[in-house]
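Visitor: Quick one: the structure is below, and I'll ask about it shortly.
The values are calculated or read from the model by the stated rules, or taken from the named source; none is laboratory data. Remember, predicted model here, so these are calculated numbers, not experimental data. Counting neighbours? That spans all protein chains shown, and the Cβs are built from the backbone with ideal geometry, glycine included. Ligands, DNA and RNA are stripped out before the accessible areas are found, and what is left, the full protein with its side chains, is counted by its heavy atoms. Shrake-Rupley method; radii C 1.70, N 1.55, O 1.52, S 1.80 Å.
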Amino acid sequence: MSNAPKPAAAATTEGTLANIVSHAKEYGFVFQSSEIYDGLAAVYDYGPNGVELKNNLKQLWWKAMTQLHQNVVGIDAAIFMHPLTWKASGHVDGFSDPMIDNLDSKKRYRADVLLEDRAAEHEKNGELARAETLLAEMGRLLTSEDLAGVKQLIIDEKIVCPVSKTGNWTDVRQFNLMFSTQVGAVAEDSSQIYLRPETAQGIFVNFLNVQKSARQKVPFGIAQIGKAFRNEIVARQFIFRMREFEQMELQFFVRPGTEGEWYEHWKTMRRRWHEALGLPAAKLRFHDHDKLAHYAKAAVDIEYEFPFGFKEIEGIHSRGDFDLTQHQTLSKKKQQYFDADIDPATGKAYGNYVPFVVETSVGADRLFLATLCQAYQEETITEGEGEQQQTKTRTLLRLHPAVAPIKAAIFPLVKKDGMPEKATEIFNSLRHDFRVIMEERDAIGKRYTRQDLIGTPFCIVVDGQTLEDDTVTVRHRDSREQTRMPIAELRAYIGEAVSFSRIFEKLEG
RNA sequence: GCGGGAGUAGCUCAGCUGGUAGAGCGGCAGCCUUCCAAGCUGCAGGUCGCGGGUUCGAACCUCGUCUCCCGCUCCA
């Protein structure tokens with residue numbers, strides 16, 4: 001330990017988004033999709049280290065849900081769903097609006113709303129017939145998807161922008177939230193279906209299948225991790241807003257009347273989970289929705305302070321019985337649960353009802369980005385003494401060991417005297433339990449640095465002493481300090497540090 | 001969508017008034033190395049984002065276009 005670096009007075013700074021994007025690419029975390037073709041806007045690929053980190057985050061969420069709760073079970077529903085699903089959920093009608101922009105004020109409006117407002121004016125002026133004609137014409141044009149006709153109608157009606165007072169409009173464009181495709185091998189027989197814009201509906205339509213097959217009683221939850229697809233109007237901020245993204249959703253089914261307390265419960269639990277993972281409390285906040293979505297009775301976001309400001313990483317919604325009732329109506333299949341528990345108020349069973357739902361939905365990619373932003377640090381360190389003293393910058397990822405892509409790197413101090421062989425032996429003894437790597441190339445300092453850059457928490461070094469007494473040094477990423485320990489203790493030592501248990505313990509506060 | 005900035009080797013960047021493309025780091029091979037991006041030798045690596053135009057000649061001027069970043073706007 002005598003040659004270990006002196007503990008450094010370290011000043012750390014966080015990275016800008018540009019630093020982080022660059023780091024993510026350089027070290028194999030995130031690449032732009034189809035980069036060699038100039039990329040595809042708002043689509044990204046995860047590289048070798050990125051996929052490990054993301055998988056670890058997903059595993060951690062999955063186990064925190066299904067392993068820790070006997071009344072939460074998982075599902076993996078298909079991305080393709082019956083088209084009526086999206087009618088029921090409100091996505092078809094609610095998110096295919098004709099949009100128009102005013103070129104002077106740069107304001108964007110829904111074309112149909114502009115026309116409806118004008119019709120209302122006509123009506124107010126006593127021109128009832130004119131109002132009706134206008135609405136009928138608009139309806140005809142929208143149904144036939146004649147967007148140019150809609151624009152012409154706006155011009156004919158001399159509708160001007162309330163802000164700029166001009167009629168300098170762009171063309172009317174359809175905002176399509178959902179991506180559509182065809183199912184059916186033969187073109188003429190194929191029908192249009194959508195890539196799901198959220199994973200929740202796969203859970204709702206399976207509500208009874210799961211409840212029965214998993215022998216669950218309300219309250220219980222269904223967890224799912226899966227891809228979802230949305231045509232974003234403006235996709236920005238790296239992987240924060242992607243067209244293809246991954247959601248980690250829990251839909252928790254409760255007895256009507258108890259949704260309030262469950263909403264509070266999950267609000268608390270989910271925030272605690274993010275903190276246990278290493279997102280500091282000061283950089284997390286709740287943000288209540290003022291305007292609620294069509295399905296929600298209460299909604300709150302958990303926001304993290306990214307380099308570009310506080311942004312949502314998870315949403316918690318009290319969805320009531322909206323979704324199940326909608327599916328019950330459209331599918332004509334009862335979506336009821338028979339509750340045999342006795343209601344103390346009446347002395348009878350609660351009986352049949354459509355359960356209420358409390359949803360927690362985390363963006364896996366947003367969580368990944370938050371984790372990366374939080375972990376990325378540039379540290380100014382001072383080394384040596386007196387005239388030898390020098391200041392340099394160390395860039396590292398302070399990832400929680402449980403989510404780090406590589407748990408430990410094993411280095412022979414030098415490539416001779418049987419050290420590489422000893423290192424290989426250690427590597428082989430650990431690789432069944434942990435993702436570890438062995439590196440014998442380059443100077444030891446360079447190898448340490450490479451591991452700092454990808455967030456590897458431990459570097460195990462085989463040196464001369466190892467050959468005599470089977471002990472190694474374990475160098476810690478965050479402090480750069482070293483501990484000497486017997487090879488035989490490595491497995492338990494690393495296992496303790498990277499265990500999900502350390503995180504789960506903090507959830508039970 | 002609007003405004004601003006950027007795009008040259010794997011990365012970070014230099015490249016003057018238009019005249020055959022550069023550095024550091026990294027990579028590869030070898031030597032040497034007992035603890036924090038060490039040293040020596042050698043090698044490889046570029047359609048200067050892409051496409052037009054001007055010019056004897058374009059990384060540089062010009063027009064267009066794509067992508068990314070920042071700010072605004074928008075967004076369940």
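Visitor: Step by step: first the residues of region A:294-319, then only those that are open to solvent by less than 40 Å² (accessible area, probe 1.4 Å) and among the hydrophobic types (A, V, I, L, M, F, W, C), then the one that is nearest to A:Arg241 (Cα to Cα). Which residue is that?
Guide: Per the stated criteria, the residue is A:Ile313.
Visitor: Only one of A:Gly309, A:Gly260, A:Gly347, A:Gly351 is among the small types (Gly, Ala, Ser) and either at pLDDT 95 or above or within 23 Å of A:Ala223 (Cα to Cα) (or both). Can you tell me which?
Guide: Residue meeting the stated conditions: A:Gly260.
Visitor: I need the full set of residues from region A:31-54 which are closer than 22 Å to A:Lys311 by Cα and either within 10 Å of RNA strand B (Cβ to nearest atom) or assigned by the TED database to the domain that holds A:Arg450 (or both), in order please.
Guide: Result: A:Gln32, A:Ala41, A:Ala42, A:Val43, A:Tyr44.
Visitor: Here is a further query. Provide a single number: the residues in region A:57-89 that are open to solvent by 30 Å² or more (accessible area, probe 1.4 Å) and in a helix (DSSP H, G or I).
Guide: Within region A:57-89, residues that are open to solvent by 30 Å² or more (accessible area, probe 1.4 Å) and in a helix (DSSP H, G or I) number 9.
Visitor: Only one of these is touching a Ser or Thr at 6+ places or on another chain (Cβ under 9 Å), more than 8 Å from RNA strand B (Cβ to nearest atom) and outside the structural domain of A:Val51 (by the TED database): A:Ile487, A:Ile503. Name it.
Guide: Details: A:Ile503 fails: touching a Ser or Thr at 6+ places or on another chain (Cβ under 9 Å).
Result of the check over A:Ile487, A:Ile503: A:Ile487.
Visitor: Something else now. Which of the residues that make up region A:274-290 are within 16 Å of A:Gly363 (Cβ to Cβ) and modelled with pLDDT of 90 or more?
Guide: Those that are within 16 Å of A:Gly363 (Cβ to Cβ) and modelled with pLDDT of 90 or more: A:His274, A:Leu277, A:Leu279, A:Leu284.
Visitor: Residues to consider are A:Arg398, A:Arg450; find the one that is more than 10 Å from RNA strand B (Cβ to nearest atom) and open to solvent by 20 Å² or more (accessible area, probe 1.4 Å).
Guide: That would be A:Arg398, the only listed residue that is more than 10 Å from RNA strand B (Cβ to nearest atom) and open to solvent by 20 Å² or more (accessible area, probe 1.4 Å).
Visitor: Still on this structure: Pull out all pairs, ordered by first then second residue, where Cβ-Cβ is under 7 Å, the residues are six or more apart or on different chains, the first lies in region A:422-447 and is farther than 28 Å from A:Phe500 by Cβ and in a loop (DSSP other than H, G, I, E, B), and the second is within 12 Å of RNA strand B (Cβ to nearest atom) and open to solvent by 50 Å² or more (accessible area, probe 1.4 Å).
Guide: A:Glu440/A:Lys415
Visitor: From the list A:Val436, A:Val461, A:Val472, which residue is closer than 26 Å to A:Val30 by Cα and either open to solvent by 10 Å² or more (accessible area, probe 1.4 Å) or near RNA strand B (Cβ under 8 Å from one of its atoms) (or both)?
Guide: Only one candidate qualifies: A:Val436.
Visitor: So is A:His287 under 29 Å from A:Glu508 (Cβ atoms), assigned by the TED database to the domain that holds A:Asn55 and open to solvent by 50 Å² or more (accessible area, probe 1.4 Å) or not?
Guide: Considered against the rule, which asks whether it is under 29 Å from A:Glu508 (Cβ atoms), assigned by the TED database to the domain that holds A:Asn55 and open to solvent by 50 Å² or more (accessible area, probe 1.4 Å), A:His287 comes out as yes.
Visitor: Still on this model: Taking region A:196-231 as the region of interest, how many residues are within 16 Å of RNA strand B (Cβ to nearest atom) and within 18 Å of the chain's Cα centre (by Cα)?
Guide: The total comes to 15.
Visitor: Can you name every residue in region A:487-503 that is in contact with a helix residue (DSSP H, G or I) (Cβ under 8 Å, 6 or more places away or on another chain) and open to solvent by 20 Å² or more (accessible area, probe 1.4 Å)? First the steps, then the outcome.
Guide: The first filter runs over region A:487-503 and keeps only residues in contact with a helix residue (DSSP H, G or I) (Cβ under 8 Å, 6 or more places away or on another chain), leaving A:487, A:490-491, A:494, A:496, A:500, A:502-503.
The answer is A:Ile487, A:Arg491, A:Glu496, A:Phe500, A:Arg502.
Visitor: Now a separate question. Residues being touching a strand residue (DSSP E or B) at 6+ places or on another chain (Cβ under 7 Å) and surrounded by fewer than 16 Cβ atoms within 10 Å (Cβ to Cβ): count how many of those fall in region A:337-347.
Guide: Total satisfying the criteria: 5.
Visitor: Let me ask something additional. When A:Val362 is evaluated against the numbered criteria (1) away from RNA strand B (no atom under 16 Å from the Cβ); (2) open to solvent by less than 20 Å² (accessible area, probe 1.4 Å); (3) more than 19 Å from A:Cys459 (Cβ to Cβ), which criterion, by number, is the only one it fails?
Guide: The failed condition is (1).
Visitor: Given the structure, is A:Ala223 in contact (Cβ under 8 Å) with a residue 24 or more places away in the chain, out of contact with any Gly (no Cβ under 8 Å at 6 or more places or on another chain) and either closer than 28 Å to A:Gln67 by Cβ or loosely packed, with under 15 Cβ neighbours inside 10 Å (or both)?
Guide: When the stated conditions are applied, A:Ala223 does not pass them.
Visitor: So, in region A:213-233, of the ones that are in a strand (DSSP E or B), of a type outside the set (Gly, Ala, Ser) and modelled with pLDDT of 95 or more, which residue ends up nearest to A:Leu40 (Cα to Cα)?
Guide: By that ranking, first place goes to A:Ile225.
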